[in-house]
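One structure below.
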Amino acid sequence: QVQLVENGGGLVQAGGSLRLSCAASGIPFNISTMDWYRQAPGKQRDLIARIRGRGPTSYADSVKGRFTISRDNAKNTVYLQMNSMRPDDTAVYYCTFLVPPGQASTWGQGTQVTVSS
């Protein structure tokens, strides 16, 4: 059974930091490309960070230079370190893994991040 469990969200002041984690089970984690998405109220869910199985990363322009995605294959866990946070980072954050075209994605329950000004 595939399962993704996100943790680490909360309330932080602008300029502060949070570290999210996502524990995965039921997938070949060490070869899976893992993604972090976020969805603000009334907006679509957007991809913000990606890490491939061997480590290469990519970021959306909105978080580049402030957020860092990493993984621990021994723990089947992907992380998102968020620094210099801004109120527009407020959203529900989700992790998922890349699937072939036409295959439905699997999502965790998400974790709420709120940045106060």
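The values are calculated or read from the model by the stated rules, or taken from the named source; none is laboratory data. A quick note: this is a predicted structure, and the numbers were derived from the prediction, not measured. No Cβ is skipped: glycine too gets one built from the backbone with ideal geometry, and neighbour counts run over all protein chains shown. SASA here: full protein model, heavy atoms, side chains in, ligands and nucleic acids out. Shrake-Rupley method; radii C 1.70, N 1.55, O 1.52, S 1.80 Å.
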Residue pairs qualifying under the 6 Å Cβ cut-off, at least six apart or on distinct chains, with the first in the stretch 67-85 being at negative phi and the second being of a type in the set (Val, Ile, Thr) and open to solvent by less than 60 Å² (accessible area, probe 1.4 Å), are ILE69/ILE51; ARG71/ILE51; ARG71/VAL78; LEU80/ILE69; MET85/VAL12; MET85/VAL115
With the stretch 1-59 as the region, which strands (runs of 3 or more DSSP E) entirely inside it contain at least 3 residues that are touching a residue at least 40 places away in the same chain (Cβ under 8 Å) and surrounded by fewer than 18 Cβ atoms within 10 Å (Cβ to Cβ)?
-> 3-7, 10-13, 18-25
Considering each of SER70, SER105 in turn, give the residue that is outside any loop (DSSP other than H, G, I, E, B), under 15 Å from TRP36 (Cβ atoms), touching a strand residue (DSSP E or B) at 6+ places or on another chain (Cβ under 9 Å) and among the small types (Gly, Ala, Ser).
-> SER70
Determine, yes or no, whether VAL63 is of a type in the set (A, V, I, L, M, F, W, C) and open to solvent by less than 30 Å² (accessible area, probe 1.4 Å).
-> yes
Any residue in the stretch 77-95 that is open to solvent by 50 Å² or more (accessible area, probe 1.4 Å), over 20 Å from SER117 (Cα atoms) and not β-branched (Val, Ile, Thr)?
-> no
What are the pairs, 6+ residues apart or on separate chains, where a residue within the stretch 100-112 that is over 19 Å from LEU80 (Cα atoms) and of a type outside the set (Phe, Trp, Tyr) has its Cβ under 8 Å from a residue that is part of a loop (DSSP other than H, G, I, E, B) and open to solvent by less than 90 Å² (accessible area, probe 1.4 Å)?
-> SER105/VAL99
Per-region count, the stretch 13-37, residues β-branched (Val, Ile, Thr) and farther than 12 Å from CYS95 by Cβ = 1
